[in-house]
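Heads up, the thing below is written out as structure tokens.
No value in this document is a laboratory result; all are computed from the given coordinates. Being a predicted model, the structure only gives us computed values, none of them experimental. Quick reminder, even Gly has a Cβ in these numbers, built from the backbone with ideal geometry, and neighbours come from all protein chains shown.
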Ligand code: ADP
């Protein structure tokens, strides 16, 4: 079938660089003489018929802006087949022939269901700060979120040093360890606690004491947030009650989700947006744009699920070795 009109939406958590991807899709599609319809607030907006026609100037002056001009959401209804059937009816009624979904692994599951059940053409663009999608080395937003985390920890290090303090800095990333590892190694953190680590408080206390006794003025422990944000407070209490060590908690939270996208995020989002349109024009779907060995290319949507095969323990050890 020949595709004439593309719908585009963002879904799940927002990420810096989503706007660059939207811009690239809209401009590339118009260049190829296609129409683009922006769908506001993800799958939820699709079900509510929140559409806006996109033209060259709708994506002007957004390349540097964080967040997403289309806004995003989580949509529990999308998990049910009957809502996806409704969505296909709405899309057809609107004259939309294909969908570009910018989001994380959850959003891709939603896109895959649309393809599996209705063979509705979809292409995914990985947009999540968590960098937790399989078969791609990179997701849009990760680089900026890491940079924001590094800048924050550098500032915390200044005050930690001045007051000779220990800080538990909790970084975003849900079940993904990627941000914690990269921020930890790049800030010279004394320890990195991964999302599902059973915390060894005794070791943590010994490491801090050892640092102090060789004259260290500060210790930074990076805590990956895991399924529920705020686990740093539990660690803080145990350190105080069982090991008589005072640690301050700083939760970076949504600060890491905002901000102007880095050059890496802008560049890769631009390439991916362009490639997503080319895929649809060439009849290649369901696909996801990915980065493999430094190159942006396409892979089948079914290859992109939650990344779980990374050996982060090596990097955890690296941080500890270099901060001994
Ligand atoms: P992300 O895309 O950032 O991983 P979520 O996991 O919250 O974010 O998923 C975003 C949305 O994708 C969900 O609110 C839901 O609408 C849709 N979704 C997630 N998982 C599925 C699934 N298994 N089947 C259908 N839709 C899904």
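For the chain, the orientation-averaged shadow of the C-alpha convex hull comes to 16.6 nm² (one quarter of the hull surface).
Helix 81-94 and the longest principal axis of the C-alpha atoms of the chain enclose an angle of approximately 50°. Residues 252, 245, 9, ranked from the fewest to the most other C-beta atoms within 10 Å, line up as 245, 252, 9. Based on the reciprocal of the average 1/r between different C-alpha atoms, the Kirkwood radius for segment 200-267 equals 14.3 Å.
Compared with the dominant principal axis of the Cα atoms in the chain, helix 201-213 is inclined by about 60°.
Protection proxy ranking of 151-159, 132-140, by the mean of other Cβ atoms within 10 Å over each peptide's residues and highest first, is 132-140, 151-159. In a Debye calculation with equal point scatterers on the alpha-carbon sites of segment 130-212 and no solvent, what is log10 I(q)/I(0) at q = 0.14, 0.19, 0.24 Å⁻¹? Here log10 of I(q) over I(0) equals -0.53, -0.90, -1.23.
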